[in-house]
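Read through the structure below, which is laid out as structure tokens, and then see the notes.
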Amino acid sequence: MSEAVPEAQSLGSGVHLVPAPLPFKSPQWVNTYAIEADGGLLLLDCGTDWEAGRQALRDGFRRLGLDEAQVHTLVVSHLHPDHVGMSARLVGELGCRFVMHERAAQLVSRYNDTPGYVERLLRIGSAHGVPARLLDSVTEDLATRPGYMPMIEPPDHTVLDGDTIDLGAGRWLEVIHTPGHEQSHICLRDSRTGVFFSGDHVLPRISPVIMWDEGLEDPLGSYLTSLERLLGMELKLTYPAHGTLIERGDERARQILLHHDRRLLDMAELVSSHDSTAWDVMVESFRPNLTPIEARLAFLETVSHLEHLRATGRLNTEQRDGVVVFRR
Ligand SMILES: [Zn+2]
């Protein structure tokens, strides 16, 4: 079901919400936030690079009486195309400073490397029992890099956990590194209002996908730790990167923790009843008839859950004919 992208609106305390449509079935838009800072504006996230998204930013700013030329800083919450995709174009047009977490800066070349991504997906897929015909379709689907995610440039400035981004007049954004959904993910906390800009870390209705990738040890473990950490930080009014504003971020975070607990339990039981590859578990855990993109995300999410069960000693693995089999 398709929903209308909401209108841009001011949220008070110098914060403005400018939603930008995305070329996906879900999520259908990204929330960018224009925050008044030092006589200008800081923009948090920018959406994918396509004309509808670019126009939505222009229209949203105009509707709110804001001037895009005032944007002196673009901060991205993490390195996914729906957040960083348009960065090169915006930085070029507006001449603004570009800020991300230091880990993101290290991953820019990987973000720009589509063939490398396909190779990693194929290795992960064949190691975890994905049928060969589906692996072939991955190669076909991803043969050309989508136009909405052109190459991005490295940042002008990087931040680390605990750093602050100054907004002027004794106000700042505190950087909280929240790896899990993506290694470089950051949330920002407004020192004046206590509002959390949660990126994709805490979302209403959906739980952010935790994708397995080579070089990661336990991304789901990182995600759960990052969520629990926020619960110790008075997480109340939360402005997420997708969907509607969240009144009680702490309650939403607890729901997401429960969701993962349940899924971990279900997958552990499934593997206890019969040894399984990650592909077997994915097929039994998710609804049938997923689109290719949905199937890819569901599969990588399944590997993350199984690897977390292994990392926490609840499952073992063995290699059978070059394929990883999970067992009790
Ligand atoms: Zn997102």
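The values are calculated or read from the model by the stated rules, or taken from the named source; none is laboratory data. Here the structure is a predicted model, which means the values were calculated and not measured. Ideal geometry is used to build each Cβ from the backbone, glycine not excepted, and the neighbour counts take in all protein chains shown.
Among the residues of segment 214-241, the ones that are within 16 Å of the ligand (Cβ to nearest atom) and either hydroxyl-bearing (Ser, Thr, Tyr) or within 15 Å of Ala311 (Cα to Cα) (or both) come to 5 in all. Residue-level check: of (1) at positive phi; (2) among the charged types (D, E, K, R); (3) crowded, with 21+ Cβ neighbours inside 10 Å, Asp200 misses just (1).
Hey, Glu182 hits all of (1) surrounded by fewer than 18 Cβ atoms within 10 Å (Cβ to Cβ); (2) modelled with pLDDT of 95 or more; (3) among the charged types (D, E, K, R) but one; which does it fall short on? Failing condition for Glu182: (1). Within segment 94-142, the residues that satisfy the criterion of being without any contact (Cβ under 8 Å) to a residue 24 or more places away in the chain and of a type in the set (Asp, Glu) are Asp113, Glu119, Asp136, Glu140.
Look at segment 199-214: where a residue is over 13 Å from Ala298 (Cβ atoms) and a partner is within 10 Å of the ligand (Cβ to nearest atom) and not in a loop (DSSP other than H, G, I, E, B), sitting 6+ places away or on another chain with Cβ atoms under 6 Å, you get Leu203/Pro240. Can you work out which of the residues in segment 263-297 that are surrounded by 20 or more Cβ atoms within 10 Å (Cβ to Cβ) and among the hydroxyl-bearing types (Ser, Thr, Tyr) is nearest to Ala143 (Cα to Cα)? Step by step, filter segment 263-297, then rank; the result is Thr277. Cβ-Cβ distances below 8 Å connect the following pairs, each with a first residue in segment 278-303 that is closer than 22 Å to Thr317 by Cβ, a second residue that is surrounded by fewer than 20 Cβ atoms within 10 Å (Cβ to Cβ) and polar (S, T, N, Q), and a separation of six or more residues or different chains: Ala298/Ser285; Thr302/Ser285.
Within the bounds of segment 231-244, is there any residue that is without any contact (Cβ under 8 Å) to a residue 40 or more places away in the chain and touching a strand residue (DSSP E or B) at 6+ places or on another chain (Cβ under 8 Å)? Break it down stepwise before answering.
Taking segment 231-244 first, the residues without any contact (Cβ under 8 Å) to a residue 40 or more places away in the chain are 231-232, 235.
Among the residues that remain, those that are also touching a strand residue (DSSP E or B) at 6+ places or on another chain (Cβ under 8 Å) are: 235.
Yes - at least one qualifying residue is present in segment 231-244.
Only one of Arg252, Arg314 is touching a helix residue (DSSP H, G or I) at 6+ places or on another chain (Cβ under 7 Å), in contact (Cβ under 8 Å) with a residue 24 or more places away in the chain and on the phi < 0 side of the Ramachandran plot. Can you tell me which?
On the way: Arg252 fails: touching a helix residue (DSSP H, G or I) at 6+ places or on another chain (Cβ under 7 Å).
Within the list Arg252, Arg314, the selection yields Arg314.
Those strands (runs of 3 or more DSSP E) of segment 1-93 in which at least 2 residues are surrounded by 24 or more Cβ atoms within 10 Å (Cβ to Cβ) and at pLDDT 95 or above, considering only elements entirely within it, cover 15-21, 29-37, 40-44, 71-75.
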